[in-house]
1. Taking the number of other C-beta atoms within 10 Å as the exposure measure, put 38, 13 in order starting with the fewest.
2. Going highest first, how would you order 24-34, 51-61 by mean Cβ packing within 10 Å?
3. Relative to the present Cα-Cα distance, how much length would full extension add between residue 64 and residue 31 at 0.36 nm per residue of separation?
4. 5 Å is the cut-off here: which amide hydrogens, built 1.01 Å from N in the peptide plane, fall below it relative to residue 14, excluding neighbours closer than 5 in sequence?
5. Return the distance in nm (one decimal) between the two label points of a simple spin-label model at residue 56 and residue 6, each offset 7 Å from Cα along Cα→Cβ.
6. Between residue 55 and residues 5 or more places away or on another chain, which pairs have amide H atoms under 5 Å apart, with H built 1.01 Å from N, and which residues are they?
Amino acid sequence: MKTAQSVGGDTSRVTACGECAPTLWQQGNAEAAIRVERLWDEIGKAYGVQIFCGYLLASFQGGIGSFVFERICKVHSAVLSR
């Protein structure tokens, strides 16, 4: 909150890069990854923080991967995929 207040201005933003949820997913802990994503989304909404989490799209292929990917995307207000 202190950082957000210090940047000020019309175009200034605070951005965070999350590594915990992608790591949890890579370790096979999909439910924990989704919980972390929900927490980050709440923080983002409450404090105006942009959250970027880097997942390897290939890690969602096969098995329950597409289902988990869909659940993670639903948690967020926006998803950018490249």
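Laboratory data are not the source of any read-out in this text; all were calculated from the coordinates shown. Note that the structure is a prediction, hence the values are computed from the model and not measured. No Cβ is skipped: glycine too gets one built from the backbone with ideal geometry, and neighbour counts run over all protein chains shown.
1. Working: 38 14, 13 10.
Starting with the residue having the fewest Cβ neighbours, the order is 13, 38.
2. Working: 24-34: 15.7, 51-61: 13.1.
Highest to lowest by the protection proxy: 24-34, 51-61.
3. Numbers: separation 33, 0.36 × 33 = 11.88 nm, distance 1.19 nm.
Computed gain between residue 64 and residue 31 is 10.7 nm.
4. Here 50 satisfy the definition.
5. 3.5 nm
6. For residue 55, no residues qualify.
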